[in-house]
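Beneath this line is the structure, given in structure tokens, with notes to follow.
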Amino acid sequence: MMGFMTGEETRTTVSPSIPTQTPIRSSAQDADLHTPPTRAWMTRLVIIGIVLTALNLRPAITSLGALLEEVRDGLGMSGSVAGLLTSVPPLCFAVFGVMAPRLARRFGPAAVVCAGMLAIGTGLVLRPFVGGTAGFLVASALALMGIAVSNVLMPVIVKRWFPDRVGTMTGLYSMALALGTAAAAAVTVPMTRALGGNWQTGLAVWAALAAVAVLPWIPLVRAKGTPLSAEAAPSSAAPAPAPSAPSGARQEAAPLRITRSRTAWALAVFFGLQATAAYITMGWMAQIFRDAGVPAGTAGLLLAVTMVMGVPLAFVIPRLATRLPHQGPIVVALGLCGFAGYAGLYLAPAAGAWAWALLLGVANCAFPLALTMVGMRARTGAGVVQLSAFAQSTGYLISIPGPLLVGVLYQHSGGWGLPIALMAGLMVPQIVVGVLAGRDRTVEDEAAR
């Protein structure tokens with residue numbers, strides 16, 4: 001909140017001699033008067049760190065989707081094993097995402113995200129060259145571990161540093177995430193060809209982006225007493241808590257019985273179903289187009305179009321969601337776009353490929369909506385931490401069978417009819433639980449009852 005509060009009141013104070021006009025400032029503004037350069041510099045660094053981190057949260061997945069056929073041939077994978085490979089991301093997100101709140105309390109969110117970027121870079125460098133399917137999976141899991149903890153902590157960082165701009169900053173973060181997703185889908189195939197046609201090099205090159213993302217977090221890790229350090233109060237938005245803050249901080253830090261909240265469960269299931277659709281799309285959509293006769297480069301561009309739709313919409317949807325008392329109408333609109341996209345993919349995958357890619361790209365914007373609702377459905381910073389970890393970890397557990405089941409159905413049915421029918425059918429419960437998660441209430445109130 002500091003650095004963004006511009007309103008200022010005035011009052012008349014009477015001294016023994018003359019009346020004066022003395023400006024009244026909030027405590028946050030008073031703190032800004034003491035250290036405005038430091039705070040402004042750190043705020044800009046946090047924004048840069050958020051954007052660079054978001055750019056790295058999907059290329060490990062969509063670059064693999066664009067080259068899945070080459071990877072399968074190179075490692076000798078069957079369709080079922082490839083389905084298992086596309087299920088690894090949600091599995092890792094569920095398992096490692098649970099660790100994020102505890103790690104953040106001990107080391108601070110900045111340190112955890114910084115380590116996450118290092119893990120992504122290391123995993124992406126190693127996985128194409130370790131040899132064999134098992135080594136590929138282990139190195140992928142290392143990169144996905146870094147993505148998992150960063151996934152959970154991004155809403156927390158936004159809530160702590162920008163509590164009055166949750167929608168705007170979530171939109172910026174989601175735009176960067178969509179841009180990184182789309183870029184990896186679009187350029188991986190042509191970049192691989194330009195680098196000699198070796199799929200290992202085409203996958204490993206994305207480690208460079210993760211290395212760049214480490215840099216802005218290093219000074220934030222070293223800064224003590226900020227909302228991103230282990231020493232800071234759990235939900236403080238100022239560099240150091242005020243003298244009266246400890247009791248409030250202790251109260252916020254008290255763990256919620258999050259499983260008592262119906263909204264938390266609805267949001268977790270909604271998160272899981274949208275993640276199922278997203279990872280099926282990222283893992284298999286390019287292959288669906290290729291099997292329909294679309295060239296490999298064009299199939300990668302179609303996947304990129306689906307992902308790039310999230311760039312403008314990921315900025316608009318969170319801002320719109322924060323202005324509505326109920327986010328159900330947005331959930332329904334996105335779900336209907338998903339139905340239309342899957343129907344087209346079933347009936348005429350090649351003829352209307354660009355239209356189906358656009359529609360599915362709109363439907364995939366359920367992800368920034370889910371992130372926004374995480375920030376809206378909890379009243380305190382500690383509540384956001386718990387809700388983010390619960391919704392994402394539980395949601396990713398729910399999403400694990402989807403990509404694997406698609407691979408099994410594809411292999412045993414010999415076509416894409418049954419997998420696409422499954423994808424379309426999952427939109428029904430996604431709409432229902434999304435409407436429930438969009439109701440105007442908080443998990444703190446529900447857990448207390």
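The values are calculated or read from the model by the stated rules, or taken from the named source; none is laboratory data. Computed from a prediction, not measured in an experiment: that's the story for all the values here. So basically every Cβ, Gly included, is an ideal-geometry build from the backbone, and we count neighbours across all protein chains shown. For the accessible areas, the whole protein counts, side chains as well, though only heavy atoms, and no ligand, DNA or RNA atoms are used. Shrake-Rupley method; radii C 1.70, N 1.55, O 1.52, S 1.80 Å.
Of all the residues that make up region 58-91, how many are over 17 Å from Gly407 (Cβ atoms) and either surrounded by fewer than 23 Cβ atoms within 10 Å (Cβ to Cβ) or without any contact (Cβ under 8 Å) to a residue 40 or more places away in the chain (or both)?
Qualifying residue count for the region: 1.
Given Val138, Val130, which one is of a type in the set (A, V, I, L, M), outside any helix (DSSP H, G or I) and open to solvent by 30 Å² or more (accessible area, probe 1.4 Å)?
Of Val138, Val130, the one residue that is of a type in the set (A, V, I, L, M), outside any helix (DSSP H, G or I) and open to solvent by 30 Å² or more (accessible area, probe 1.4 Å) is Val130.
Inspect region 367-380 for any residue being out of contact with any Phe, Trp or Tyr (no Cβ under 7 Å at 6 or more places or on another chain), open to solvent by less than 20 Å² (accessible area, probe 1.4 Å), of a type in the set (S, T, N, Q) and in contact (Cβ under 8 Å) with a residue 24 or more places away in the chain and give the result as yes or no.
yes
How many of the residues making up region 393-423 are among the polar types (S, T, N, Q) and surrounded by fewer than 16 Cβ atoms within 10 Å (Cβ to Cβ)?
The number of residues fulfilling the criteria is 2.
State which residue is farthest from the chain's Cα centre (by Cα) when the search covers only region 63-77 and only residues that are within 19 Å of Pro89 (Cβ to Cβ) and either aromatic (Phe, Trp, Tyr) or not in a helix (DSSP H, G or I) (or both).
Met77
May I ask you to verify whether Ala194 is at pLDDT 85 or above and open to solvent by 50 Å² or more (accessible area, probe 1.4 Å)?
Considered against the rule, which asks whether it is at pLDDT 85 or above and open to solvent by 50 Å² or more (accessible area, probe 1.4 Å), Ala194 comes out as yes.
Select from region 385-444 the residues that are closer than 30 Å to Leu103 by Cα, among the small types (Gly, Ala, Ser) and part of a helix (DSSP H, G or I) and list them in ascending order.
Once the filter is applied, which keeps residues that are closer than 30 Å to Leu103 by Cα, among the small types (Gly, Ala, Ser) and part of a helix (DSSP H, G or I), region 385-444 yields Ser388, Ala389, Ala391, Ser393, Gly395, Ser399, Gly402, Gly434, Ala437.
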